[in-house]
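Chemist: I have a structure here, written as structure tokens, and I will follow up with some questions on it.
The values are calculated or read from the model by the stated rules, or taken from the named source; none is laboratory data. The model shown is predicted, which means the values in this text are computed figures rather than measured ones. Cβ: placed from backbone, ideal geometry, glycine included. Neighbour counts: every protein chain shown. Areas reflect the complete protein model, heavy atoms only, side chains present, ligands, DNA and RNA absent. Shrake-Rupley method; radii C 1.70, N 1.55, O 1.52, S 1.80 Å.
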Amino acid sequence: MSDVEPVRGIIIAHGSLAEGLADAARAITGAQEDSLIAVSNRGLSPTALADRVLAHAGTGPLILFTDLPSGSCGLTARLLARGRAATGVVCGVNLPMLLDFLTHRDMPVPDLLGRLLERARAAIMCVPAPGEPHADPTDPRG
């Protein structure tokens with residue numbers, strides 16, 4: 001067990017996306033609710049969104065996950081991370097990234113950010129791969 005304070009995660013997203021992602025990631029990993037917080041921008045001004053995120057941020061290491069790099073969610077995350085120690089912003093959040101986050105929260109933020117990007121990118125694929133023929137749904141071998 002590490003003496004490092006675990007990194008807290010906050011997902012900032014449009015509509016109910018943040019809650020859906022957080023709920024799924026916590027259900028799969030068994031993580032506590034306070035390890036990954038969901039914040040929606042629904043009905044909030046940029047200032048109110050920033051206030052809501054700050055209410056959950058605490059003072060320890062933090063990663064702000066956003067659905068998009070621009071718009072109110074991405075811009076709020078970037079603004080809040082400025083000048084805040086041990087804080088990272090990841091845009092384009094996906095479930096594999098969050099699963100990895102919840103199981104590696106004891107890593108230093110810079111190392112964790114690189115790992116999360118690697119895992120998230122590796123999880124994005126096309127099936128079948130471009131140029132490969134589609135499987136015959138009547139063939140029991142797949």
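Chemist: Scan the chain and hand back the longest stretch that contains none of the trypsin sites (Lys or Arg not before Pro) lying in DSSP loops with at most 10 other Cβ atoms within 10 Å.
Modeler: 1-81
Chemist: Report the local net charge at Arg26: Lys and Arg +1, Asp and Glu -1, summed over other residues whose C-beta lies under 15 Å from its C-beta.
Modeler: Summing Lys and Arg as +1 and Asp and Glu as -1 gives -3.
Chemist: Measure off, as a whole percent, the carbon and sulfur share of the 1.4 Å-probe accessible area of segment 21-68, all protein chains present.
Modeler: Answer for segment 21-68: carbon and sulfur cover 52 percent of the accessible area.
Chemist: Continuing with the same structure: Asp111 versus Thr59, label points 7 Å from Cα toward the beta carbon: distance in nm?
Modeler: 2.5 nm
Chemist: Sticking with this structure for a sec: With label points built 7 Å along Cα→Cβ from the Cα atoms of Thr103 and Val127, find their separation and express it in nm.
Modeler: For the pair Thr103/Val127, the computed spacing is 1.8 nm.
Chemist: Going by amide H atoms built from the backbone, whose H comes under 5 Å of the H on Gly88, apart from near neighbours?
Modeler: So Gly88 has HN proximity to Leu62, Ile63, Leu64.
Chemist: What whole-number value in Å² describes the accessible area per residue of the chain for a 1.4 Å probe?
Modeler: 58 Å²
Chemist: Here's a follow-up. Given Cα pairs under 8 Å that are at least 6 residues apart, what percent is the relative contact order of segment 29-78?
Modeler: Value for segment 29-78: 32 percent.
Chemist: Quick one: what are the phi-derived ³J(HN,Hα) couplings along segment 13-23, Karplus 6.51/-1.76/1.60 with θ = phi - 60°, whole Hz, x for glycine and proline?
Modeler: 8, 7, x, 9, 4, 4, 5, x, 5, 5, 4
Chemist: For segment 18-98, state what percent of all Cα-Cα pairs lands in each successive 5 Å bin, counting from 0 Å until the bin that includes the largest distance.
Modeler: 3, 15, 27, 27, 20, 8, 1
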